[in-house]
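To keep things clear, I will list the structure first and then write my remarks on it.
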Amino acid sequence: MHPITPALTLTLMLTVVGSAHAAPATTLPNTPPETACTGLLNKSFPRLQDEKPQSLCQYSGQVVLVVNTASYCGFTKQYKGLETLYATYKDRGLVVLGFPSNDFGSQEPGSSKEIAAFCANTYGVKFPMFGKSHVRGEGVNPLYAELIKASGTTPKWNFYKYLIGRDGRSVTAYSSMTAPDDRDLIGAIEALLGAKKTPP
């Protein structure tokens with residue numbers, strides 16, 4: 001056994017201190033660095049299924065299609081096309097975000113749980129959806145407030161669409177009449193998917 005000398009004691013102390021400083025920082029899963037989240041997506045909303053807060057920053061750098069939805073509308077069948085669009089392009093960087101709203105014709109009267117069950121059971125919706133909110137007028141949710149400002153147009157009815165580029169800032173609006181399989185919409189999505197994300 002080696003005798004404990006002052007020099008050995010100092011070496012042990014430096015080793016312990018160095019190890020403490022070398023410990024890696026921990027980050028929460030699916031939480032991108034704050035500096036990576038800019039523009040329209042720097043917001044959080046409750047998830048439709050369980051009302052747990054979800055940061056839209058997790059979609060930073062992706063092409064985002066934002067849609068205000070309703071369960072009892074002539075356009076409700078677009079859920080199927082939106083899910084197909086999401087399934088087709090999600091691996092290339094597209095995400096569809098659904099925001100149920102009762103702002104048009106009172107066609108989304110249900111609770112979050114009722115809406116979630118309807119979407120899953122009727123249309124097999126798997127793309128992310130968020131709690132019911134206002135998408136126009138007084139009390140408009142903060143994402144829609146900025147989408148309206150950026151695009152210069154307010155949602156006119158259920159299933160109005162906003163397409164956000166990878167930069168998190170560029171926005172193009174599409175009417176409710178634009179189906180998820182519309183040639184122009186798909187062409188715009190594919191063009192944005194091919195574009196590289198520009199630094200903020």
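Here are the numbers for this structure:
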| quantity | calculated |
| --- | --- |
| Residues that are β-branched (V, I, T), without any contact (Cβ under 8 Å) to a residue 60 or more places away in the chain and farther than 21 Å from Y72 by Cβ, drawn from region 125-176 | V140, I148, T153, T154, T172 |
| Lone unmet requirement of (1) modelled with pLDDT of 95 or more; (2) touching a helix residue (DSSP H, G or I) at 6+ places or on another chain (Cβ under 7 Å); (3) not hydroxyl-bearing (S, T, Y) for K90 | (2) |
| Residue satisfying all of: in region 95-125; of a type in the set (G, A, S) and outside any loop (DSSP other than H, G, I, E, B); nearest to the chain's Cα centre (by Cα) among these | G98 |
| Flag if R169 is basic (K, R) and under 17 Å from the mean Cα position of the chain (by Cα) | yes |
| Test result for F118, in contact with a Gly (Cβ under 9 Å, 6 or more places away or on another chain), aromatic (F, W, Y) and closer than 16 Å to K77 by Cβ | yes |
| Test: residue in region 143-156 that is assigned to a loop (DSSP other than H, G, I, E, B) and either closer than 21 Å to Q54 by Cα or at pLDDT below 95 (or both) | no |
| Meets criteria (at negative phi and buried (at least 20 other Cβ atoms within 10 Å of the Cβ)) for V125 | yes |
| Qualifying residues in region 157-193 (those that are modelled with pLDDT under 95 and surrounded by fewer than 18 Cβ atoms within 10 Å (Cβ to Cβ)) - the one nearest to G81 (Cα to Cα) | S170 |
| Identity of the residue in region 130-143, crowded, with 19+ Cβ neighbours inside 10 Å and touching a Pro at 6+ places or on another chain (Cβ under 7 Å), that ends up nearest to L56 (Cα to Cα) | F130 |
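The values are calculated or read from the model by the stated rules, or taken from the named source; none is laboratory data. These numbers were taken from a predicted model, which means no experiment stands behind them. Note: ideal-geometry Cβ built from the backbone for every residue, glycine included; neighbour counts use all protein chains shown.
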